[in-house]
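Derivation of every value follows stated rules applied to the coordinates shown; laboratory data play no part. Model, not experiment: these values are computed from the prediction. Note: ideal-geometry Cβ built from the backbone for every residue, glycine included; neighbour counts use all protein chains shown.
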Amino acid sequence: MPHRFWILCTCIAVLCGCATQAPFANDDATRAGQVGMNEISALIPQPSRMELADNESFLMPLEDDANPMPTYPDALLAQQLPVQAVCVRVGVSREGGVLSSSPAVAPPNCPEPADPAFFDAARRAVARWRYDPALRCVFPNAKTKNDTEGSCGGYTEIPEAVTLTYRFVFEQKEGRGSVRMAR
């Protein structure tokens, strides 16, 4: 499970970068018809969080590399809208499928978009996403847990349903839409 540990560390580094990212410029030169995405679950308050015992750890679900990105709504390209940040809360099942998705509006990083078609585009894409499920790892004691950091190390793995929040950034450039990952 060292692969999961590396991915978890990478996700944490990306999230830290998101927390310090400057707001999006409303500059005609930056309109790109592109969509960028960041997973920002740690930045959005959740109604309840899982409580872990001293002998337990949690591994976040891993996104499938083939998960499709949303596409910029063609009908909105002619409007030449400024950059749009759209946040979507995604419910992930114990098996790694998407159970639900809903808008997550939490200004300033997740404002209400200029048009609901941006939410619709994001929700259509995430509805097809797949994950390796999130796991709660149960160890015989806290020392064993510390010896297997980043994996369940062959001990009890309990798949867990989770809710993740993603931020998609929609942009236009030269009247065309495309998809890119946000920095």
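Among the residues of the range 48-66, those that are part of a loop (DSSP other than H, G, I, E, B), over 13 Å from the mean Cα position of the chain (by Cα) and closer than 23 Å to V138 by Cα comprise S48, R49, M50, E51, L52, A53, D54, N55. Please specify each residue of the range 92-101 satisfying the condition of being surrounded by 14 or more Cβ atoms within 10 Å (Cβ to Cβ) and among the hydroxyl-bearing types (S, T, Y). Across the range 92-101, the qualifying residues are S93, S101.
Here the strands (runs of 3 or more DSSP E) wholly within the range 67-183 that include at least 2 residues being closer than 30 Å to D54 by Cβ and touching a helix residue (DSSP H, G or I) at 6+ places or on another chain (Cβ under 8 Å) are 162-170.
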